[in-house]
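The values are calculated or read from the model by the stated rules, or taken from the named source; none is laboratory data. Keep in mind that this is a model prediction, so the values were computed, not measured. As a convention, Cβ positions derive from the backbone with ideal geometry for all residues, glycine included, and neighbour counts pool all protein chains shown. Accessible surface areas use protein heavy atoms only, side chains included; no ligands, DNA or RNA. Shrake-Rupley method; radii C 1.70, N 1.55, O 1.52, S 1.80 Å.
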Amino acid sequence: MSGMINLLPRSDAEVKQIQDALGDRWYAGVVLKDFATLDEAEERVRSWTGLGANISVGLGDGSAQEWRRALEIAIRVESVPHLNQPWLSSAYAHGLLKGLGRDMLVNCLIHPDPRGRGLTVAHDIPETIVSSLTPDQCVAILHGLGLKSIKLYPMRGQAGRGVLEALADAMSGQCAPSIIEPSGGLSPEDLDWVYSMGEEYGVVMIPHLYSSVRKSDGSLSDDALRIIK
């Protein structure tokens, strides 16, 4: 395997286990939806950073309501290298962090359109309004905003392969955005074709894996980590 990957550890012991297997080739996801207070989330981020993990501050199931709290943690902890944001706030977060002198990778959450190879974006302020975009439109907008990464969620595993390829094709040859983070329903066995697709179109792929790296008892699977490695 090659390239970065995003995983969701549940404890210090799991962070160490993954570090031993993957070194610095992964992001440790810390999702704000899991924390009642910002102080608790900040403590977790600082703890795992102290263990050597690259932290990805996340929302939790793509929850747009967590955008402000996720951004606040990214501001509080200067060592955070990666931030997840929904469509509506991604450019704001990117600009704010850049103004603070922070060179951080901020992604923009985009949803595959279940009806085909297009994309949808959800505007959740003040109410939920769903807009449809073609991959070319999406890339053109984010290029103008200077955003480098698109998080494509939920992929639904192999079912999202067509829209992932259409997006990669639209991004091919662009300086920005140049990264796709496919997320949702992917397994370690999917990594070969995901990374190969990225190489074919000249796009960096950072897949997110969740339950597929865990055994039935909830513990991390050593077999899954070996496949990722």
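Within the option set Ile179, Ile141, Ile150, being open to solvent by 10 Å² or more (accessible area, probe 1.4 Å) and under 17 Å from Asn84 (Cα atoms) holds for one residue only, Ile179. Listed by position, the strands (runs of 3 or more DSSP E) contained in region 54-161 that have at least 1 residues being at pLDDT below 95 and among the aliphatic types (A, V, I, L, M) are 105-112, 119-123, 129-133.
Give Asp20, Asp34 a once-over and let me know the one that is acidic (Asp, Glu), open to solvent by 10 Å² or more (accessible area, probe 1.4 Å) and free of Cβ contacts under 8 Å to residues at least 12 places away in the same chain. On inspection, the qualifying residue turns out to be Asp20.
Set side by side, the residues Gly218, Gly198 differ, and just one is exposed (fewer than 15 other Cβ atoms within 10 Å of the Cβ) and either within 16 Å of the chain's Cα centre (by Cα) or not in a helix (DSSP H, G or I) (or both), which is Gly218. The set of residues in region 8-17 that are of a type outside the set (S, T, N, Q), open to solvent by 40 Å² or more (accessible area, probe 1.4 Å) and in a helix (DSSP H, G or I) comprises Asp12, Ala13, Lys16.
Among residues that are more than 15 Å from the chain's Cα centre (by Cα) and either surrounded by 15 or more Cβ atoms within 10 Å (Cβ to Cβ) or of a type outside the set (Ser, Thr, Tyr) (or both), Arg25 is not included.
With respect to the conditions (1) in contact (Cβ under 8 Å) with a residue 12 or more places away in the chain; (2) within 23 Å of Asp24 (Cα to Cα); (3) not acidic (Asp, Glu), Gln158 lacks only one, and its number is (2). In the set (1) free of Cβ contacts under 8 Å to residues at least 60 places away in the same chain; (2) buried (at least 21 other Cβ atoms within 10 Å of the Cβ), the condition left unmet by Gly185 is number (2). Looking at the structure I just gave you, is Ile227 part of a strand (DSSP E or B) and either among the hydrophobic types (A, V, I, L, M, F, W, C) or surrounded by 15 or more Cβ atoms within 10 Å (Cβ to Cβ) (or both)? No; evaluated as a whole, the condition is false for this residue. For Ser211, the conditions (1) farther than 20 Å from Gly62 by Cα; (2) surrounded by fewer than 16 Cβ atoms within 10 Å (Cβ to Cβ) are fulfilled apart from (1). Please identify the pairs in which a residue from region 201-220 that is closer than 12 Å to Asp190 by Cα and free of Cβ contacts under 8 Å to residues at least 24 places away in the same chain has its Cβ atom under 8 Å from the Cβ atom of a residue that is open to solvent by less than 20 Å² (accessible area, probe 1.4 Å) and among the small types (Gly, Ala, Ser), counting only partners at least 6 apart or on another chain. Nothing qualifies.
Residue-level check: of (1) closer than 13 Å to Gly58 by Cα; (2) surrounded by 22 or more Cβ atoms within 10 Å (Cβ to Cβ); (3) in contact with a helix residue (DSSP H, G or I) (Cβ under 9 Å, 6 or more places away or on another chain), Ile5 misses just (1).
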